[in-house]
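Remarks on the structure that follows.
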Amino acid sequence: MFCRSSLPLAEISRPVAISTRVTKTHCPPSSTGSFRVSLLHHRKRTLAKPLSAPRSTMLIYQCEDEEEEDNEEEQLRVEPSSVKWVEIGPEITHEQAQAIARLPPKMTKRCRALMRHIICFSPQQGNLPLLLSAWVKVMKPKRADWLSVLKETKRLEDPLFLQVFQYALLEDSFEANIRDYTNIIGAFAEQKRFQDAEATFLAMKRKGFAPDQVTLTLLVNLYSKAGRFEQAKETFGEIRFLGEPLDKRAYGSMIMAYIRAGKPEEGEMLLREMDAQEIYACKEVYKAMLRAYSLAGRPDGAQRIFDAIQLAGIVPDARLCALLIHSYCAVHQLDEAMSVLENMRAAEIKPNDKCVALMIGAFQEEGKLDRAVSLLMDLERDGVVTGRETSNVLTQWFRRLGLSDELEDILRS
């Protein structure tokens, strides 16, 4: 696919007029454009000169008439009857031909016609809003047609997807609803195009759509990722103001905002509020909260979240246990960290390389080689194989002790 740039929603327009100048020559038909504009009932003889001659794209005509000696420009409105759609020509690349051949066989002809142009579109040679405007005027699409085109464009991961979506929102034939706006706001947020997402939200409100919990939750997440904590908090307040029961997505978005803002305690308060209503966050939210306490070296908070994870019915895995071990090792509470490791083995949760490396690193800082060796021997009896991270910790430790040769012998065996 071509690399294409996207237009902000505010910059998309529906071109309805073509600037012309009048001359005394004849306008021959085009053979290279994807559609042409016929100036019907024009009494003067004109010459059509393409401003650009793209392959398999559209032509915009500039006409001159010598009777207009002052060269003043006229605005000629393109009526539906004066627009002619021209199919894609044979001069396309092999990749484009393959993509066209893979279009769904049940796709309607009007949708296939537009998809062929989108697949072969080049931003250097074409104008997407003009192409879509011509398609609307000639093909008279319905909402189902727009949705079919958007679905296929998204499936192809075409960079034009959001541009087509933006234009569709402006068209009456698309019959846009609030969920359409929510979907495009979410798509912008995924690409970290926060300004476009916010502009689309404002456009939605100007269209008279009142934001609901789903849309506002997206905004909380958007502001959170953009580092705009106060706006995220204010938007979460708007969700509460709706007077509807909050779902786990709304709670989870605000909890993540607290975590990103370095305020895990306030996020934990929301977790307790959820627990009181028997609403449980997803595993990713618990893991993010556990990581926040772990990296801060706060085993008390990490242990509370670890317990809450199990109360929520989530079975801890080795990665979650490693975060808890890290929190204890960070403050040199080695007995508590070892207790976590022993509980893992009792629960038949196999320690991963990260868990072992954390414990060996903690023993190294305390200079307790005997405990490290004892742990490695116990893990070996249980069939636990250490990985690269543990080997690196051991290598650094043995080199410091001047025992690098002995370590190599052990590793070989």
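Could you tell me the relative contact order of region 316-413? Use alpha-carbon pairs under 8 Å, at least six residues apart, and round to a whole percent.
Value for region 316-413: 24 percent.
Which pairs break 27 Å Cα to Cα here: K109/K205; K151/K207; K205/K248; K225/K350?
The answer is K109/K205; K225/K350.
Roughly how compact is region 151-286, stated as its Cα Rg over 2.2 N^0.38 Å to two decimals?
1.12
Of I349, S374, L320, which is farthest along the charge dipole of region 316-413 in the positive direction, counting Lys and Arg as +1 and Asp and Glu as -1 at C-beta?
L320
May I ask for the distance between the Cα centers of region 352-383 and region 143-163, given as a whole number of Å?
First find each Cα centre; the distance between them is then 54 Å.
Bin width 10 Å, origin at 0, all Cα-Cα pairs of region 233-386: what percent of pairs per bin?
All Cα pairs, binned at 10 Å, distribute as 11, 37, 27, 15, 7, 2, 0 percent.
Gain in length, L295 to Q277, computed as 0.36 nm per residue apart minus the alpha-carbon separation, to one decimal in nm?
So the chain would gain 3.6 nm between L295 and Q277.
Taking the convex hull of the Cα atoms, report for region 316-413 its projected area averaged over all directions, in nm².
5.8
Placing +1 at every Lys and Arg Cβ and -1 at every Asp and Glu Cβ, with all other atoms neutral, what dipole size does region 316-413 have around its Cα centre, in debye to the nearest 20?
Result for region 316-413 is approximately 220 debye, rounded to the nearest 20.
Using 0.36 nm per residue, how much length does the chain from Q98 to A144 gain when fully extended, once their Cα-Cα distance is taken away?
Length gained between Q98 and A144: 14.1 nm.
Rounded to the nearest 20 debye, what is the charge dipole size of region 140-182 about its Cα centre when +1 sits on each Lys and Arg Cβ and -1 on each Asp and Glu Cβ?
Charge dipole, region 140-182, about its Cα centre: 140 debye, nearest 20.
Stretched out fully, how many nm does the piece from E244 to N392 gain, at 0.36 nm a residue minus the Cα gap?
The E244-N392 span can extend by a further 48.0 nm.
Rule-based calculations on the coordinates, nothing more; no lab input. Because the structure is predicted, anything quoted here is derived from the model rather than measured. Here Cβ is always computed from backbone atoms with ideal geometry, including for glycine, and neighbour counts include all displayed protein chains.
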